[in-house]
Structure formats: C-alpha cells, structure tokens
Amino acid sequence: MGKKKRKRSRDDWQPPPKSAEQQSLDEEVQRFRAAWHQPPVPQRRLILAVFVAALATCVAFLVFLLPAQSLVNDLRSRGVTTTAEVTASPKNKYGEAGNITVRFSGPGGEVETVLADWGGKRPEGLLAGGRVSVTYDPSEPTRVLTTEWVESPPAMTLPMLVTLILTPLFAVGAILLSIRRRKLLRAREQTAAA
C-alpha cells in the first residue's frame with residue numbers, strides 16, 4: 001500500500017520569500033503610511049504671516065494712540081478754548097458720528113474745520129446748528145478737539161481695544177506655531193535616525 005499523504009494545516013503555511021524589490025516597496029509604503037498619520041508641520045510662511053499680523057496690529061494700536069495723545073498734550077499746554085458752532089454732523093455707515101464740521105473765530109478770522117478724532121472715535125451727540133466748547137491750537141487752528149475730550153479723553157476706543165486684544169493673540173500664536181514646528185521636526189529627525 002502506498003503512504004498516506006499528510007494534510008498540512010494553515011498554521012504551517014509560510015509565505016514565499018520576498019524579492020529585494022518587493023521589500024523596498026513595502027518599506028516605502030510603511031514610511032508613506034507613517035508620514036500620513038503624522039500631524040502637518042506649520043510652514044515658515046504661516047509663522048511669518050502670523051508674526052507680521054501681530055506687528056501690524058501693534059502698529060495700528062500705536063497709530064490710534066500716539067497722535068491722539070500728542071494732540072491732547074499739545075492742546076492742554078497751548079490750546080485756546082472757545083465756543084464753536086456745529087455746521088455738519090453726519091453719521092457713518094455704522095450709525096456713529098462721522099466727520100463733524102465746526103466753525104469758530106480763530107486768530108486769523110473765522111475757521112471752519114473737522115473735529116479731530118481721538119483714537120478712531122469722534123464725539124457723539126453733536127447736532128448741526130448746536131454749539132460746543134472746543135479747544136484749538138492757535139498756531140494751527142485746524143487741530144481742534146472738544147474741550148471735554150481735552151480735559152478727560154476717552155480711556156479706550158473700539159479700534160484701540162480691538163488692536164490691543166489682537167496684538168498679543170497673534171504674537172502668542174506665532175510663538176506657539178514656532179514651538180510646534182520645532183518639536184515636530186525634531187521628532188521626525190529622531191524617527192528617521194532610528
């Protein structure tokens with residue numbers, strides 16, 4: 001009689017050996033899958049853009065604050081107070097006071113000019129035909145503010161507040177993105193070296 005054939009179980013089965021080409025292809029696929037699951041590295045241009053936004057909002061805040069503060073200081077030191085007639089009091093598209101035009105007697109005759117803003121804001125409640133106390137610079141009568149704002153200017157205006165809040169947010173964002181980029185690149189270097 002002949003020999004009985006022994007049945008092979010599935011546990012005994014082994015795949016045939018892979019060629020060098022197939023092994024390199026498998027390694028490439030594994031590297032691709034590993035890279036696919038890693039978080040993206042923040043790009044330098046994104047970090048630079050966020051930093052520039054922080055710088056721009058800081059400059060905008062200073063543009064709102066410094067000229068207004070300088071005008072108030074000048075008017076406090078050498079300003080002349082008088083009563084002016086409001087000739088125009090338009091509203092802007094947001095319903096706030098627009099360019100308010102006033103007329104008063106200056107050193108060289110009658111002066112008609114626009115009230116200066118303070119930090120992007122103009123005084124509310126002034127109606128055309130009404131009277132308001134103003135303080136102007138005698139050497140340049142077009143530099144004029146209401147006397148109330150010369151004595152106690154607004155502490156903060158909406159444009160100043162927005163730029164003041166956005167500046168540190170953008171700065172912290174740029175710093176955190178830089179730290180994240182450095183950590184991810186360092187981790188990838190260590191993974192590649194291993």
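The values are calculated or read from the model by the stated rules, or taken from the named source; none is laboratory data. This is a predicted model, so every value here is computed, not measured. In this analysis, Cβ positions are derived from the backbone assuming ideal geometry, glycine residues included, and neighbour counts consider all displayed protein chains. To get the accessible areas, we keep the full protein, side chains included, count just its heavy atoms, and leave off ligands, DNA and RNA. Shrake-Rupley method; radii C 1.70, N 1.55, O 1.52, S 1.80 Å.
A 1.4 Å probe run over the protein chains yields, for the range 80-141, 53 Å² of accessible area per residue, whole-number rounding. Comparing ALA49, LEU71, THR87 along the charge dipole axis of the chain, the residue lying farthest to the positive side is ALA49, per the Cβ-charge model.
Taking GluC sites (Glu not before Pro) in DSSP loop conformation with at most 13 other Cβ atoms inside 10 Å as exposed sites, the chain has its longest uninterrupted site-free stretch at 1-95. Projecting the Cα atoms of VAL144, PRO15, VAL102 onto the dipole axis of the chain, where Lys and Arg carry +1 and Asp and Glu carry -1 at the beta carbon, places PRO15 farthest toward the positive end.
Using a Förster distance of 30 Å, how high is the FRET efficiency between GLU124 and VAL59, based on the Cβ-Cβ distance and rounded to 0.05? Here the calculated transfer efficiency is 0.65. The portion of the accessible surface of the chain made up by carbon and sulfur, rounded to a whole percent, is 58 (1.4 Å probe; DNA, RNA and ligands excluded).
Each of LEU161 and THR81 was given a label point 7 Å from its Cα along the Cα-to-Cβ line. The distance between the two points is 2.8 nm.
Approximating the spin labels as points 7 Å out from Cα along Cα→Cβ, the ARG182-to-LYS18 distance works out to 3.8 nm. Charge tally around SER24: other residues with Cβ under 13 Å, Lys/Arg +1 each, Asp/Glu -1 each, net -2. Where only DSSP H runs of four or more residues are counted, the chain gives -17000 deg cm²/dmol as its mean residue ellipticity at 222 nm, each run worth -39500 (n - 2.57). To the nearest 10 degrees, how steep is helix 44-78 against the longest Cα principal axis of the chain, on a 0 to 90 scale? Around 10 degrees separate the two axes. Across the chain, the longest run free of exposed loop sites, meaning trypsin sites (Lys or Arg not before Pro) lying outside DSSP classes H, G, I, E and B with no more than 12 other Cβ atoms within 10 Å, spans 94-194. Computing Cα extents along the principal axes in Å for the structure here picks out one of (1) 134, 32, 25; (2) 79, 40, 27; (3) 81, 30, 25, namely (1). Residues of the chain were split at every exposed loop site, defined as chymotrypsin sites (Phe, Trp or Tyr not before Pro) in a DSSP loop with at most 15 other C-beta atoms within 10 angstrom, and the longest piece left, sites excluded, is 95-194.
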